[in-house]
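> Have a look at this one before I ask anything.
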Amino acid sequence: MPVLDFGDALNLALREEMRRDPRVYCIGEDIVLGVPFGVTKGLAEEFGPARVRNAPISEAAIVGSAMGAAITGLVPVVDMHFADFVTCAMDEVANQIAKSRYMFGGQISCPLTLRMPYGIGKSAGGHHSNSVEAWFVNIPGLKVCIPSTPADARGLLKTAIRDPDPVLIFEHRGLYRVTGEVPEAETLVPLGLADVKRRGIDVTVIATARMVGESLAAADRLAGEGISVEVVDPRSLVPLDREGLAASVRKTHRVVIAEEGPMRGSVGAWLAWVIMEACFDDLDAPIARVAGPNIPIPFSPPLEAFATPGAADVVDAIRRVVK
Amino acid sequence: MYATMLRIRRAEERARELYAAGRIPGFIHLSIGQEAVAAGVCAPLQRDDYLLSTHRGHGHLIAKGGSLRGFMAELYGKATGCCKGKGGSMHIADASVGYLGANGVLTSGCVLAPGVGQSIQMRGTDQVAVTIFGDGAANRGPFHEGVNLAALWKVPVVFVCENNFWASTTAHDLSTAGGSIAARAAGYGIPGATVDGNDALAVYLAMESAVARARAGEGPSLIEARTVRFMGHFEGDPQGYRSRGEVEGGRQRDPIARLRAHLEEAKLLDAAHAARVAAAVEAEVQDAVDFAESSPLPAPEDALQDLFVHYPWSD
Ligand SMILES: Cc1ncc(C[n+]2csc(CCOP(=O)(O)OP(=O)(O)O)c2C)c(N)n1
């Protein structure tokens, strides 16, 4: 299988979808040159500026116009630049896009994809580093996916583009240059299907995006101590593969949930409840959680490091639940 | 246009009574007095042209040709409403006539419209997109973002500001700098026109040229139609903020009486014809009310439908 990095896998997905369907177009700030993460690089050469549209710094108009286009026959893929900036278009996402089909009684379809580069790293500071997926999981009417590998990134983005509903794809910017095998053949990853990234029998770690890699590293460390860790990546948060997660928990009876966003009001809290509801009688220990602190992401490297959960935190949490 | 205005007036007057009688839940914002804007804006539009509206959108829906039955049943929250009771007065849409929704969030149409225009451009049809918003709404950022983007892309969009000089209880002069919304067009290099919004023909003519320009690929325009709302901001609004005289003055310029006088003068309408139109409108509105009254409410569990195409379990 060819090896690609996460960013190039996303680029491949865009290229494949734009070739397949002339209604698909990309819009965002600086996407012709593929700034800042290179995902849209080279697309303008192949598809022209009408389908790879550099937009003014007008987040509300970028997202709003994408919705206008989507409800009248096009298939936009919006690059949010940094997910933090979605607040400038929050009305468009939360009130317009999310509610259109429902409020209008199913008359209107809004097949739109929002690419959300997000996440902590490189001292990008408080307006460029936050994990905001929980905001959107809390908005009925949006689908939310969050890949951790290049293959999943390509497969999920392609599914998102083909989906008749609005889908947000959270692309952790710390993963863009991470490499992995990507199938030669065009592969779609369905929404709502979790993936076991490592098999184990003593504890299930449910992790998303960058925390999947951290959890695999934690699993490696603990393997030497005879603790066998299963790592499950839900890949999509809405819809959620409840059964896939529960199946793992029924095998291991112990659960750690690892995410990067703040602990409070988070996706992990929701997942913990899902597991509790489905598997209460199977649990041999309380569910443990790894998450970021309840602060905006600070700038200074030691502060940022403090705010960054990692493999060591997952190791600690696993030790707590298996002891 | 005359029949359209009458249809809007009567439908809203009936809605007002029915609201007072407790038949219609929620809030309603009536456009009584503003019918000439709705009729004039929609008259040059085809069925497949698009219209994005505001919280005060009943007239716009009716003028665009939306189903009166679907409209009335939606106000009632019935299963047969054009949004199956999920939208209501402020979020009503009728996609079958290109009416892409009233909007509870002011000014949102201004940023959706450039995308609708872009989709028209990319699909290569000769449709146009129109968005209507209030003068108060024109002070939100999305107005500027939307007009700028539409002008930049030269998309077939007409921005229509329905200026009734009030934003809820706040007077135009206290909220809107510069005195003219149409004048803002100059900053974006597009045509801006101010018209008497109580004169359906004036609105129609301004709109006709803006639509022709859009269809010819020459890009967006901005029209400011100055009008008077006869009722409160919402039904039940005590209107302590404005004088009776203002509304009375507006009624002197009632757009329906005015168009009728004009048509009679031009010998295009006589009393007998006007009576036939009025009777037909009355029957249509009554039919819509009867339909709404006799329609079933949605089943409670229908609340879980229509969120997505797939995953009806709404997780
Ligand atoms: C973004 C937003 N802010 C505030 C409101 C509350 N609100 C509803 S109508 C209204 C006044 C609108 O005035 P205008 O745009 O002039 O329209 P009109 O009511 O006069 O038709 C306000 C403030 C809203 N619906 N949306």
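> Please list, ordered by chain and number, the residues whose modelled amide H lies under 5 Å from the amide H of B:Ile223; skip anything fewer than 5 residues away on the same chain.
Residues meeting the criterion, in which the H sits 1.01 Å from N, are B:Phe159, B:Val160, B:Cys161, B:Ala193.
> How big is the Cα convex hull of chain B in projection, averaged over all directions, in nm²?
For the Cα atoms of chain B, the hull's average projected area reads 17.1 nm².
> With the contact rule set at Cα under 8 Å and sequence spacing of 6 or more, what percent relative contact order holds for the range A:84-218? Walk me through the numbers on the way to the answer.
Details: 187 pairs, mean separation 35.0, N = 135.
It rounds to 26 percent for the range A:84-218.
> Quickly estimate the mean residue ellipticity at 222 nm for chain A, helices only: each DSSP H run with n ≥ 4 gives -39500 (n - 2.57), and the total goes over all residues, rounded to 500. Working shown, then result.
Numbers: 11 runs with 111 residues, N = 323.
Calculated from helices alone, the mean residue ellipticity at 222 nm is -10000 deg cm²/dmol.
> Same structure, new question: For the range A:1-45 and the range B:156-180, what is the centre-to-centre distance using only Cα atoms, to the nearest Å?
42
> Moving on to the next point. Mind computing the radius of gyration and Dmax over the alpha-carbon atoms of the range B:168-315? Å is fine for both.
22.0, 62
> Follow-up. Starting from the Kirkwood radius over alpha-carbon pairs of the range B:118-178, derive D by Stokes-Einstein at 37 °C in a medium of 0.692 mPa s and give it in µm² s⁻¹.
D, rounded to a whole number, is 254 µm²/s.
> When the Karplus curve 6.51 cos²θ - 1.76 cosθ + 1.60 is applied with θ = phi - 60°, which whole-Hz ³J(HN,Hα) does each residue of the range B:172-177 get, with x for Gly and Pro?
Values per residue, Gly and Pro as x: 3, 5, 8, 10, 10, 6 Hz.
> In chain A, which helices (entire DSSP H runs) extend 15 Å or more along their own long axis, judged by Cα positions, while averaging at least 0.5 on the Kyte-Doolittle scale? Let's see the in-between values first.
Numbers: long enough: A:6-20 (21 Å, -0.55); A:59-70 (16 Å, 1.21); A:150-162 (18 Å, -0.12); A:210-223 (20 Å, 0.26); A:242-252 (16 Å, -0.61); A:267-279 (18 Å, 1.60); A:311-322 (16 Å, 0.89).
TM-like helix candidates: A:59-70, A:267-279, A:311-322.
> Can you work out D for the protein assembly as shown in µm² s⁻¹ from Stokes-Einstein, where Rh is the Kirkwood radius over C-alpha pairs, the temperature is 4 °C and the viscosity is 1.567 mPa s?
49
> Note down the nm distance, to one decimal, between modelled labels 7 Å out along Cα→Cβ at B:Ala278 and at B:Val309.
For B:Ala278 paired with B:Val309, the spin-label model returns 5.0 nm.
> Okay, next question. Which one, A:Leu14, A:Leu222, A:Leu240, has the greatest fluctuation when you compute a Gaussian network model over chain A with C-alpha springs under 10 angstrom?
Of the options given, A:Leu222 has the highest mean-square fluctuation.
> With θ set to phi - 60°, apply the Karplus curve 6.51 cos²θ - 1.76 cosθ + 1.60 along the range B:275-291 and write out the HN-Hα couplings as whole Hz, x wherever there is a Gly or Pro.
These are the phi-based 3J(HN,Hα) values: 5, 5, 4, 4, 5, 5, 5, 4, 5, 4, 5, 4, 4, 5, 5, 4, 4 Hz.
> How many angstrom lie between the Cα centre of the range A:90-163 and the Cα centre of the range A:204-264?
For the range A:90-163 versus the range A:204-264, the Cα centre distance is 22 Å.
> If you don't mind, another one. Any idea what diffusion coefficient chain A gets from Stokes-Einstein, in µm²/s, Kirkwood Rh on alpha carbon pairs, 37 °C, 0.692 mPa s?
165
> Check the straight Cα-Cα distances from A:Lys41 and name the aspartates and glutamates below 12 Å, setting aside those fewer than 8 residues away within the same chain.
In chain and number order, the partners are A:Asp8, A:Asp30.
> Moving to a separate point now. Using the alpha-carbon centroid of each, what span in Å lies between the range A:54-85 and the range B:61-76?
Computed from Cα coordinates, the inter-centre distance equals 30 Å.
> Additional query: Karplus couplings for the range B:257-269 from phi (6.51 cos²θ - 1.76 cosθ + 1.60, θ = phi - 60°), rounded to Hz, Gly and Pro as x?
Computed from phi, the couplings for the range B:257-269 are 4, 5, 5, 4, 4, 4, 5, 5, 4, 7, 6, 9, 8 Hz.
> A follow-up question, please. From Cα pairs below 8 angstrom and at least 6 apart in sequence, can you work out the relative contact order of chain A, rounded to a whole percent?
16
> Can I ask one more? Of A:Lys99/A:Lys143; A:Lys251/A:Lys323; A:Lys143/B:Lys84; B:Lys64/B:Lys154, which pairs sit farther than 20 Å apart, going by alpha carbon to alpha carbon? Walk me through the intermediate numbers first.
Values: A:Lys99/A:Lys143 12 Å; A:Lys251/A:Lys323 17 Å; A:Lys143/B:Lys84 23 Å; B:Lys64/B:Lys154 24 Å.
With Cα atoms farther than 20 Å apart: A:Lys143/B:Lys84; B:Lys64/B:Lys154.
> So which trypsin sites (Lys or Arg not before Pro) in the range B:34-124 are both in a DSSP loop and have at most 11 other Cβ atoms within 10 Å of their Cβ?
Loop-located and lightly packed - B:Arg47.
A short reminder: the numbers here are calculations on the coordinates, not readings from a lab. This is a predicted model, so every value here is computed, not measured. All Cβ positions, glycine included, derive from the backbone under ideal geometry; neighbour counts span all protein chains shown.
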